[in-house]
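Quick note: the coordinates plus some simple rules give every number you see, no bench work behind them. Predicted model, so just to flag it, every value in this text is computed and none were measured. All Cβ positions, even for glycine, are placed from backbone atoms using ideal geometry, and neighbour counts span all protein chains on display.
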Amino acid sequence: MKNRSRIFVLMITCFIVLGGLTGCAGVRPWEREIMADETMNFDADPLEEGWHLHIQEVREGARGGYSGSGGGCGCR
C-alpha cells in the first residue's frame, strides 16, 4: 500500500511539471509585431494611468521608476 501512494504522488508530480511546461511558448521575430500592438497594454487608458502615477508621486513625494525620461537631475 505504501508503494502505491509513492507511485501516485510521483504521477501527480509529473502531471504538474508537464502541465507547467506547456505554458511556455517561443515568439518568432516576425510575431513580435503582434505582441507589441497597442491592444496588448495592461492600461486601458494611458492618459488616466499617467494621471494616477502623478497622484501617487505627489502623495509619496517620490518620482521615477516607471521608465520615464530624464537625466537624473529631476527635470523631465
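Just name the residue that is surrounded by the fewest Cβ atoms within 10 Å (Cβ to Cβ) out of those in segment 19-59 that are of a type in the set (Asp, Glu) and out of contact with any helix residue (DSSP H, G or I) (no Cβ under 7 Å at 6 or more places or on another chain). Selected residue: GLU38. Within segment 35-51, the set of residues being among the acidic types (Asp, Glu) and not in a loop (DSSP other than H, G, I, E, B) comprises GLU38, GLU48, GLU49.
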